[in-house]
Each structure stands twice: as C-alpha cells, then as structure tokens.
Amino acid sequence: MAKGSRGRRVALTQAAIVLFALVVALAPRSSALVERYYVDRLYPAVQAIATTASNAMPFSVFDVVLVAAAASTCWLWVRAMSHARQARSARPLLMALRVTVTAAAVVYLWFVGIWGLNYARPALDARLGLPEAPASAEEVQALLERSVAETNRLYGPAQAEGFVPFVADRDIARALHAVEAAQGRSRPTVPGRPKRSILATYFRMAGVDGLTAPALLETLLNPDLTEAERPFVLAHEWAHLAGYAPEADANFVAWLVTTKEGAWPHSHYSGWLFLMMETASQVPREPRRAALERLEPGPRRDLDAIAARARQRVDLVQRVGWRVYDRYLKSQGVREGVMSYSRVVDLIARASRPLPGRNSPW
C-alpha cells in the first residue's frame, strides 16, 4: 500500500513538473518585467555564480552533462525494453517515457531560468533608441568600403603585435565591461574561460564557430578558428553571456567590443574583418567586387584561411544542424531564425547615423 502511494506521489510530481514547463513555454512573457526583474537583478547574479563555477573546471561541464544524459537515457530505455519483454507488458515503456518527458521538462526549465529568458528582452534597437528606418543600400555599401579600408589599415599593427590569446581575452573582457557600463549594466559579466568541447568535430562539420553552453554558462570555441576570427567569435559568445540572446544582438555587441577605441590591434582587426565579410554578402556583385579589389594581400590571406576552414564542412551535417537551430531560434521568438545573424549590418548602419541628442551605444 505504501509503495503504491509513493508511486502516485511520484507520478503527480512528474505531472506537475511537465505541466509547469508547458505553462512557462506557452505563457506570454512581458519584456518589461523580464528586463526589470530578470535581466537587471537576477540574471547577473546567476551568470556570475554559474560561469565562475564552470571557469574553475579545466574541462567542459556541458560535455559531462551531455555524456551523462545520453548514457542515462540509453540505460533507461534498454532496461525498460528488457523489462517489457520479460513482463509482456507496455508498462515499463510508459514509465520510461514518463521519466524522459519529466527530465526534458526539467532541462527546459533550467535553460529558461539560467539564460533563456534573455530572449524575451525588449529589442536591442529599441533599448538603444536607434533610428527606425532600416539601413539603405548606400549605407551598407559605405560600411563595406569603410570595413575594407579599416581591415587594410589594421592588418599591419595586428601582425606587429602578434596574436596572444591571453592578451586578446583580457582586452575583450575590458572592452565588454566598458560597453556594458555604457548601456547601463551595473554588474559586469564574468567572462567564460574559452574551452574545447567533445563537439569539436560537429562544430567543424556543421560550420559552428562557438557555443554558449547553458549547463553552467560556459564558453566553447571551435578549435579550428583562425587567429583573425577568434577575437570576434569570443566577443560574440561573451555577449551571449552578458544576456544578449539573439544572434544579431550578440554580433552587434561583439562588433562594439572589438572595434572600441583603444582595442588591442588583433581584436580591432578581427571586428572589422567580420563586418567586411558580413557587408560583402549583402552588397550586389559589381560594387562588392570593386570594393574587395582594394583589399591588400594580408587580409586576403586571412580570407583564404577562413575559406579553407569552411571547406571542411559537411553539407548534410550543416544543413540539418542549421535547420534545427533555425527552428530553435524561431521557437524563442526570433522570427528571422538563423537569418537574424545578418541583421547586425542593419543595426550597425543605423547606430552609425549621426543624430543629435542620442547617446552612443559605445
């Protein structure tokens, strides 16, 4: 009797967890309340605790969680199928399904609480008071031409300094804190220790540059990143840690961070190289070719190295991986899905317009 009563309590608890997760997933979220209570108060403290804890580990906590979850799920279902065959009953399979659904609900609630609510923040352009009119073709063309000129100018100083990851990381952290302070954040983000993951092969095949892992808010980087790419990618992942969830917002903040006045030459160069590649993809062929013809040999070699890395991608893996990520982004309210990455050019162009009375976001 006691055993049956305990089983009912467990079942009711599992049902309550799943129901709560459904309510959290489906209920509308007030962006004003999220910004006021979660972003301004709760999230900075949670991020500091979680990232400090993961930084203390020399390995990826996310990898451990991933392996443990996969092993536990396999064990659960193998055991359930074995018991179902022995008992000639579907009950063990239903119990395994109940445990799996409950575990998925717990994982979802953890994700929402530790980071996912950042998707419900007010739009970045509204928070910064950017002009509403979208970037014109002329503005995008001008950004491409300027980024080509800046990339050419910064290549020499970047090479003279040499690439030192520790110096780059320290510089990016300092610049990120300055950008955060300019945007009104009182508590600076704790930068994540860049780590390599067991997912490195997947990153390579799918064309993923980095990941902000939600287990304990840590930073995972593709180990194949070139020296020219790494500062910007790291700044992008740390922007996610700072609570900028949409990809365009993280790209925008990463560009501010890497191109901030006084930035270390390699970081500065990385930011403008990124913008050059982004704007080039949005400019018609003839003006794009005319602008890129002015690119000097050094930056061209970096573009060739990036292209060589891109050729390691496996088309099927990339298409499936990005399709899944596209659906994930849309489920979090990012209507453009993976296309939102390119919206950074629009944000930068609008932020670059000289408007009296508007505070600079950087």
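Of note:
- Filter result for Ser340 (open to solvent by less than 20 Å² (accessible area, probe 1.4 Å), assigned to a helix (DSSP H, G or I) and farther than 29 Å from Gln159 by Cα): yes
- The residue of the range 145-199 that is farthest from His268 (Cα to Cα), among those that are aromatic (Phe, Trp, Tyr) and in a helix (DSSP H, G or I), is Phe166.
- First in the range 319-339 and more than 11 Å from Ala206 (Cα to Cα), second anywhere and polar (S, T, N, Q) and open to solvent by 40 Å² or more (accessible area, probe 1.4 Å), Cβ under 8 Å, 6 or more apart: none
- Test: Trp322 is closer than 18 Å to Phe232 by Cα and among the aromatic types (Phe, Trp, Tyr): no
- Filtered residues of the range 238-283 (kept if part of a helix (DSSP H, G or I), closer than 18 Å to Val179 by Cα, out of contact with any Ser or Thr (no Cβ under 7 Å at 6 or more places or on another chain) and hydrophobic (A, V, I, L, M, F, W, C)): Ala239, Ala250, Phe252, Val253, Ala254, Trp255, Leu256, Val257
- Top-ranked residue of the range 22-40 - restricted to ones that are surrounded by fewer than 13 Cβ atoms within 10 Å (Cβ to Cβ) and not hydrophobic (A, V, I, L, M, F, W, C), ranked as farthest from Thr102 (Cα to Cα): Arg36
- Looking across the range 93-127 at every residue that is over 16 Å from the mean Cα position of the chain (by Cα) and surrounded by 19 or more Cβ atoms within 10 Å (Cβ to Cβ), the one that is farthest from Tyr328 (Cα to Cα) is identified as Ala96.
- Single residue of the range 284-315 satisfying the filter (of a type in the set (D, E, K, R) and assigned to a loop (DSSP other than H, G, I, E, B)) that is most open to solvent (accessible area, probe 1.4 Å): Arg311
- Which listed residue, of Arg170, Arg127, Arg153, Arg121, is out of contact with any Asp or Glu (no Cβ under 7 Å at 6 or more places or on another chain), basic (Lys, Arg) and over 26 Å from Ala228 (Cβ atoms): Arg127
- When Leu217, Leu221 are checked against the criterion of being closer than 21 Å to Tyr202 by Cβ, at pLDDT 95 or above, of a type in the set (A, V, I, L, M, F, W, C) and touching a helix residue (DSSP H, G or I) at 6+ places or on another chain (Cβ under 6 Å), a single residue qualifies: Leu217.
- Of the listed requirements (1) at pLDDT 95 or above; (2) of a type in the set (A, V, I, L, M); (3) buried (at least 16 other Cβ atoms within 10 Å of the Cβ), Ala149 misses just one: (3).
The values are calculated or read from the model by the stated rules, or taken from the named source; none is laboratory data. Model, not experiment: these values are computed from the prediction. Please note: Cβ atoms are built from the backbone with ideal geometry, for glycine as well, and neighbour counts cover all protein chains shown. Just the protein is used for accessible areas: all its heavy atoms, side chains included, with ligands, DNA and RNA removed. Shrake-Rupley method; radii C 1.70, N 1.55, O 1.52, S 1.80 Å.
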